[in-house]
Amino acid sequence: MKQSKAQTYDVVIVGGGAAGMMAAGTAAQNGYRTLLIEKNARLGRKLLITGKGRCNLTNHCDVANVIASVPSNGRFLYGAVSKFSPDDVIQFFEELGVPVKTERGNRVFPQSDCSRDVVDALARFVRERGAKVHIGTVAQLLLQDSMAVGVQLEDGSQIQAEHVVVCCGGMSYPGTGSTGDGYRLAQQAGHTITPLRPSLVPLTAYGRECAAMQGLSLKNVAIQVYDAKKQHMIYEDFGEMLFTHFGLTGPIILSASSHMRDMEPGRYAIHLDIKPALSPEQLDARLQRDFEKNQNKDFTNSLSELLPRKMIPVMVEKSGIAPDTKCNQITRQARQQLGALLKDFPIVIKGFRPIEEAIVTSGGVCVKEVNPKTMESKLISGLYFAGEVLDVDAYTGGFNLQIAFSTGRLAANSLYQEKERHV
């Protein structure tokens, strides 16, 4: 099929998310005739919902800390993050007119707390640097003699290009367009896709306790994650979580989920410290004061100043103390057992919620088949990958968007360097 001049580009970027917009704007800025293809009617749809609509852009830390926060193939990202670091991301957005602020845990957000400002800034970056945007779906790559030579769209039209950068995202939040298209394209090119699983995802739990406390949010709770198979604690955190009808969610739970490798029913348990600010001795003294104050009340009616209302029936049942026991009749042993339960409330995990509910997808294009210095495929010349489609995923806190920006930037800059070498 003969291609018109309008259908020929230096580079085609597949996917208009964080990595894709960064790659498209950078490639166009570097002098490439660039086409960005996005299946949604607008760019950055998934970005709009990140950080609860606030968009956690990056984490204000050094390169080493970024790499340490990527449990899957972190070292692969060293070159990309070194060349476009968190400081570079912050400067990039501020130069685009998006002032930022740093919050707890070094999380970086736009000062406006509005993800739309970030998406609009990236979309302007793409268009003002000269990249063209086409709304459509890529059906397959065009390959010739182990080289990428363009893409074919679902409507049958073909677009020729010297380079193709796949930035389609993962499988999470399919309503935003993340439906695994990038994995299909990578497999067409002969790439290995490591098994996909949810990461930064809510957890399902055994027992009735979570459902009984559905809707209860704990703002300052400490957790430890215990791995029964390895027989040791693998993660701990402090912050906010939420009980649901199926189990647990919230920031610290999502972070914990990314540490639960090779999930099996019952393998992991989350131990809650409901009163992390108090030592066991301080908590016991607090219980003594409360019981003395309420000495003639039933046990179940004495906990309102200590615990949220929804938690009281669950804690009473788990304590083994009869609800109608008068506080002045509670033994020292029973009181200390209650204190121990408040400091270590175990919840056995059944599994992950579906991958569609995950913030990011773990697994993807095998990084052994991608050059970490350029993001180019080692199998197909002129084919590049960036963002969540790669087998890299990080903890919550802005690290996953940092990966998207760094890899998208590196892929685009590698195209430019390659062009210079051949001039």
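The values are calculated or read from the model by the stated rules, or taken from the named source; none is laboratory data. As the structure is a prediction and not an experimental result, all values here were calculated from the model. Reconstructed Cβ throughout: ideal geometry from the backbone, glycine too, with neighbour counts over all protein chains shown.
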Out of (1) surrounded by fewer than 13 Cβ atoms within 10 Å (Cβ to Cβ); (2) at pLDDT 95 or above; (3) farther than 22 Å from ASN328 by Cα, the one PHE238 does not meet is (2)
Selection from the stretch 222-256 of residues that are over 21 Å from the mean Cα position of the chain (by Cα) and closer than 23 Å to ARG309 by Cβ: HIS245
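Kindly provide the set of residues from the stretch 280-321 that are within 35 Å of the chain's Cα centre (by Cα) and either more than 15 Å from ARG332 (Cα to Cα) or surrounded by 15 or more Cβ atoms within 10 Å (Cβ to Cβ) (or both), ordered by number. Break it down stepwise before answering.
Pass one, the stretch 280-321, residues within 35 Å of the chain's Cα centre (by Cα): 280, 306-315, 318.
Passing the criteria: LEU306, LEU307, PRO308, ARG309, LYS310, MET311, ILE312, PRO313, VAL314, MET315, LYS318.
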Report yes if HIS259 is within 30 Å of GLY51 (Cβ to Cβ), at pLDDT 95 or above and surrounded by fewer than 17 Cβ atoms within 10 Å (Cβ to Cβ), otherwise no. no
Quickly run through the stretch 262-298 and pick out the residues that are closer than 21 Å to PRO346 by Cα and among the small types (Gly, Ala, Ser). GLY266, ALA269, ALA277, SER279
Looking at the stretch 349-387 only, could you name the residues that are among the hydrophobic types (A, V, I, L, M, F, W, C), closer than 19 Å to SER255 by Cβ and surrounded by fewer than 21 Cβ atoms within 10 Å (Cβ to Cβ)? PHE352
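Residues checked against (1) of a type outside the set (A, V, I, L, M, F, W, C); (2) in a strand (DSSP E or B); (3) crowded, with 22+ Cβ neighbours inside 10 Å:
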site: ALA161; (1), (2), (3): no, yes, yes
site: CYS168; (1), (2), (3): no, no, yes
site: GLN214; (1), (2), (3): yes, no, no
site: LEU218; (1), (2), (3): no, yes, no
Failed condition for THR300, given (1) in a helix (DSSP H, G or I); (2) closer than 30 Å to MET21 by Cα; (3) not aromatic (Phe, Trp, Tyr): (2)
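How many residues are part of a loop (DSSP other than H, G, I, E, B) and within 20 Å of GLY239 (Cα to Cα) when one looks only at the stretch 261-284?
So the count comes out to 6.
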For the stretch 12-58, enumerate the residues that are basic (Lys, Arg) and not in a helix (DSSP H, G or I). ARG33, LYS39, ARG42, ARG45, LYS46, ARG54
Would you mind finding the one in ILE37, ILE67, ILE90, ILE13 that is surrounded by fewer than 22 Cβ atoms within 10 Å (Cβ to Cβ), of a type in the set (A, V, I, L, M, F, W, C) and in contact with a strand residue (DSSP E or B) (Cβ under 6 Å, 6 or more places away or on another chain)? ILE90
Of the listed residues (ILE252, ILE234, ILE223), the one being closer than 22 Å to GLY363 by Cα, of a type in the set (A, V, I, L, M) and in a strand (DSSP E or B) is ILE234
So, restricting to strands (runs of 3 or more DSSP E) that lie completely within the stretch 306-421, which ones have at least 2 residues that are farther than 23 Å from ALA28 by Cβ? 345-352, 360-365
